[in-house]
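Comments concern the structure below.
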Amino acid sequence: MRLRRRENHLDAANFEATARVDRRTKNLIPRLRAGDIAVIQHEDLDRVAAQGLVSARVSAVLNASQSLSGKYPAQGALVLLEAGIPLIDGIGVSAFNSIREGEVVTVVGDKVFFDERQVGRGVRPSIVEVERRLGLAREAVREQLGEFASNTLQYLADEPELITDDLDLPNISTGLAQRQVLVVVRGIDYREDLSTLKRSGYVSEMRPVLIGVDGGADALLEVGLTPHLILGDFDSVSRDALDCGAQLLVHAYPGGAAPGAMRLERLGFDYAVVEGVGTSEDIAMRIAFEESAELIVLVGSHTSMADFFDKGRRGMASTFLTRMKVSSILVDAKGVGRLYRTQVRKRDLALLVLSAIFTLAVIAVVTEPVRLLLRTLWLNLGM
């Protein structure tokens, strides 16, 4: 989309474009077109969400909340600015509610105009300013670590079944026992990790069971792989993924609430329900573990405490505890990609040997001295 500029808005800091509006950034990203202005309400914008906005090639991001509150070093603002995407931060809830989906919004410096009137004003941080604030936020992480530890212990006290009990699983159409399982979340570096696993030969050689967690199903389709199972609340799963033939498992929370069931019923898809505490990512790991998988390989998941903070989830205690439970068979995709590409695959070795035999056979057929030698050897063996 070519950005239109008003006659009195001639410099690069001022522009207008179609607005796309949503309080949930992950729901907004699939609707974005190149050149759109993303209007969000996302405090402490995380790196995954920001990378999604960058990939959508938005012209600017207007955030009703603070993209970097200082509670912890949320990386999203820096990702946007390093990609050259202007960020107008803290425009306020009133401005957010005033802007309508699909209508043109105008940005003049740090002021936001809609329908020929100013509806809000924010702050346009620079990379230098964001880096300074990130440094201060890192110092505040110590307090967050204490809070995270307390939250984890409290979660364990409130929900001990996460560690002690098994899930009540429906019939899983794909056998997981003694097989490697690839669990894909559309998170940090998921494209790079999936591409690496595919290029290295891991997927074709090991033929793992492919589980897409919500948007992870579309991540698999992006690289030409079809998931066997799709699990989650299905708020960010495309129709193409639903039609791919995978078994659909709706994550229900304790008490039976299953947010994804309504959408699947409306679209006419069959599904099974898995009830359990924690995130859908946690449930996917537990299914593989309890079905006796040989190995669980995670793509796009949270691999460090910094990732947990960057996601801004106090509820990440469940993921931390789930990882403890399945740790004996859990590895990250980055490690698998680095190790696997250093190995010589048996299939490649067999092809090399067959090629050598074929080459020798051709030489034997077309070369007269070799034919005479083989005939002599044959006669001697016959004697």
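The values are calculated or read from the model by the stated rules, or taken from the named source; none is laboratory data. Computed from a predicted model, the values in this text were never measured in an experiment. Reconstructed Cβ throughout: ideal geometry from the backbone, glycine too, with neighbour counts over all protein chains shown.
On the stretch given as region 162-202, residues that are at pLDDT below 90 and surrounded by fewer than 23 Cβ atoms within 10 Å (Cβ to Cβ) total 17. The listed residues are Leu225, Leu221, Leu295, Leu242, and the only one of them that is under 22 Å from Arg24 (Cα atoms) and surrounded by fewer than 22 Cβ atoms within 10 Å (Cβ to Cβ) turns out to be Leu242. Among the conditions (1) free of Cβ contacts under 8 Å to residues at least 12 places away in the same chain; (2) closer than 26 Å to Pro30 by Cβ, Pro160 misses just one, which is (2).
Got a sec? Which strands (runs of 3 or more DSSP E) wholly within region 186-297 have at least 1 residues that are closer than 30 Å to Val79 by Cβ and under 18 Å from the mean Cα position of the chain (by Cα)?
It comes to 209-213, 229-232, 247-252.
Asn63 passes every criterion in (1) modelled with pLDDT under 95; (2) in the same structural domain as Arg124 (by TED's automatic domain parsing); (3) surrounded by 15 or more Cβ atoms within 10 Å (Cβ to Cβ) apart from (1). Which one is nearest to Asn97 (Cα to Cα) among residues in region 24-34 that are part of a loop (DSSP other than H, G, I, E, B) and modelled with pLDDT of 90 or more? Residue satisfying both the conditions and the ranking: Leu32. Scanning region 249-275 for residues that are surrounded by 14 or more Cβ atoms within 10 Å (Cβ to Cβ) and either within 13 Å of Asp235 (Cβ to Cβ) or touching a Ser or Thr at 6+ places or on another chain (Cβ under 8 Å) (or both) yields Val250, His251, Ala258, Pro259, Gly260, Ala261, Arg263, Leu264.
Within region 317-334, one or more residues are loosely packed, with under 12 Cβ neighbours inside 10 Å, more than 21 Å from the chain's Cα centre (by Cα), of a type in the set (S, T, N, Q) and modelled with pLDDT of 75 or more.
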